[in-house]
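> Following this message is one structure expressed as structure tokens.
The values are calculated or read from the model by the stated rules, or taken from the named source; none is laboratory data. Values in this document were obtained by computation on a predicted structure and should not be read as measured data. Positions of Cβ are generated from backbone atoms using ideal geometry, with glycine treated the same way; all protein chains shown enter the neighbour counts. The area values use the complete protein model at the heavy-atom level, side chains included, leaving out ligands, DNA and RNA. Shrake-Rupley method; radii C 1.70, N 1.55, O 1.52, S 1.80 Å.
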Amino acid sequence: MTPEQLARTRQRLEAFAAEIFTPLARCDQRAKGLTYLRGLLLDGRRKSMQPMAERLGMDHQGLQQFLTSSTWDFHAVRHRLAHRATQTITPAAWVIDDTGFPKDGTASPGVARQYSGTLGKIGNCQIGVSVHAVTDAASCPLTWRLFLPASWDTAQATDP
């Protein structure tokens, strides 16, 4: 979406953000949520903090802090998103899916040598598991989690 297209949808986006981010207690958090949504919608290959902040003409630290350090309940926001999605597409079915994210190193959470359908083989990757609402014409992720392989389970590793 170009900045011009985003400007034309401003009122709808602000109304959507107000609905979705209502559970956030502080107005500055709700404002950061709207800014983050704007960054996700703008054209650009990379959706990480620095490139998004550059496209928005702002410092990336505010967005980074909102996502990683700010205390807000993502469950409540995710629940509102799921509710809105199921009202919009009226699901015919629910799909549980996994997606592999190839990784070069081992520092990211959940990275291990494991089978990935994305790779079509065993490789060094993370696996995300998601639940989608689907119809013949639409699909929407409702919830998702990072799968942690046994090698990342420190409680299991220390049990006799």
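> Could you give the size of the charge dipole of the range 80-159 about its Cα centre, using +1 on the Cβ of each K and R and -1 on the Cβ of each D and E, expressed in debye and rounded to the nearest 20? Mind dumping the intermediate values first?
Values: 6 positive and 6 negative charges, 37 e Å.
Dipole about the Cα centre, nearest 20: 180 debye.
> Something else: Could you state the number of Å between the C-alpha centres of the range 98-160 and the range 35-86?
22
> Could you give the size of the charge dipole of the range 9-51 about its Cα centre, using +1 on the Cβ of each K and R and -1 on the Cβ of each D and E, expressed in debye and rounded to the nearest 20? Intermediate results must be reported in sequence, preceding the final value.
Numbers: 9 positive and 4 negative charges, 35 e Å.
That gives the range 9-51 a dipole magnitude of about 160 debye.
> Mind checking which lysines have their C-alpha under 22 Å from K121, skipping anything on the same chain fewer than 8 residues away?
Cross-link targets: K103.
> Per residue, how much accessible surface does the range 37-81 expose to a 1.4 Å probe? Answer in Å², no decimals. Present the calculation step by step, with values, prior to reporting the outcome.
Values: 2930 Å² over 45 residues.
Normalised by residue count, the accessible surface of the range 37-81 is 65 Å².
> What part of the accessible area of the chain, given as a whole %, is carbon or sulfur when the probe is 1.4 angstrom? Kindly include the intermediate steps, with their values, before the conclusion.
Values: 5870 of 10660 Å².
Using a 1.4 Å probe with all protein chains present, the chain comes out at 55 percent carbon and sulfur.
> Is there a quick way to get the dipole size of the chain? I mean about its Cα centre, with the Cβ of Lys and Arg at +1 and of Asp and Glu at -1; what is the value in debye to the nearest 20?
On the way: 18 positive and 14 negative charges, 73 e Å.
The dipole magnitude comes to about 340 debye.
> I would also like to ask the following. Of W94, G110, M52, which is farthest along the charge dipole of the range 38-121 in the positive direction, counting Lys and Arg as +1 and Asp and Glu as -1 at C-beta?
W94
> For the range 10-49, which trypsin sites (Lys or Arg not before Pro) are in a loop by DSSP, counting at most 14 other Cβ atoms within 10 Å? Please list the in-between numbers first.
Values: sites: R10, R12, R26, R30, K32, R38, R45, R46, K47; in loops: R26, R45, R46, K47.
Qualifying residues, ordered by number: R26, R45, R46, K47.
> Also: If I stretch the segment between W152 and A93 completely, what's the gain in nm (0.36 nm per residue apart, minus their alpha carbon distance), one decimal?
Values: separation 59, 0.36 × 59 = 21.24 nm, distance 3.23 nm.
Full extension from W152 to A93 adds 18.0 nm.
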